[in-house]
1. Looking for whichever is under 15 Å from E72 (Cα atoms), in contact (Cβ under 8 Å) with a residue 24 or more places away in the chain and surrounded by 12 or more Cβ atoms within 10 Å (Cβ to Cβ) here; the options are M47, M35. Which one fits?
2. Restricting to region 6-32, name every residue that is surrounded by 12 or more Cβ atoms within 10 Å (Cβ to Cβ) and among the polar types (S, T, N, Q).
3. Give me a count of the residues in region 21-76 that are β-branched (V, I, T) and in a helix (DSSP H, G or I).
4. Considering only residues of region 50-68 that are surrounded by 13 or more Cβ atoms within 10 Å (Cβ to Cβ) and out of contact with any Leu (no Cβ under 8 Å at 6 or more places or on another chain), which is nearest to A19 (Cα to Cα)?
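What follows draws every value from the coordinates through simple rules; no lab data is involved. Just so it is clear, the structure is predicted and the values come from calculations on it, not from any experiment. Heads up, the Cβs are rebuilt from the backbone with ideal geometry, glycines too, and the neighbour counts pull from every protein chain shown.
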Amino acid sequence: MLISNQTVNLTDLPIGENAKVIAVRGDNQITKRLMEMGVVPGASVRMIKSAPFGDPVEIQVRGYHLAMRKSEADRIEVQSPKSEVPSSKSQVSSPG
């Protein structure tokens, strides 16, 4: 099932999907630096790739590629135009 405008952490965004930054949580130097580099509410981002264990991740923002730690990406809340949500009902086909 697809739900429109699902809000997720940046690390939950599938590879190749675009989203819009909703919030950057935190009050430290890394959070400030991310915002200085263009990761601000309203900015469009695209998940490019992630390392085998999810750390680090690479995104595209404002025309350039940016790599960051998973812990930093977890602080970025994004709104995806379409995020897949697992269905609570299992689909079983009956012979017919």
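1. Result: M47 is the single residue among M47, M35 that is under 15 Å from E72 (Cα atoms), in contact (Cβ under 8 Å) with a residue 24 or more places away in the chain and surrounded by 12 or more Cβ atoms within 10 Å (Cβ to Cβ).
2. Within region 6-32, Q6, T7, N9, T11, N18, T31 qualify.
3. Of the residues in that region, 2 qualify.
4. Top of the filtered list is V61.
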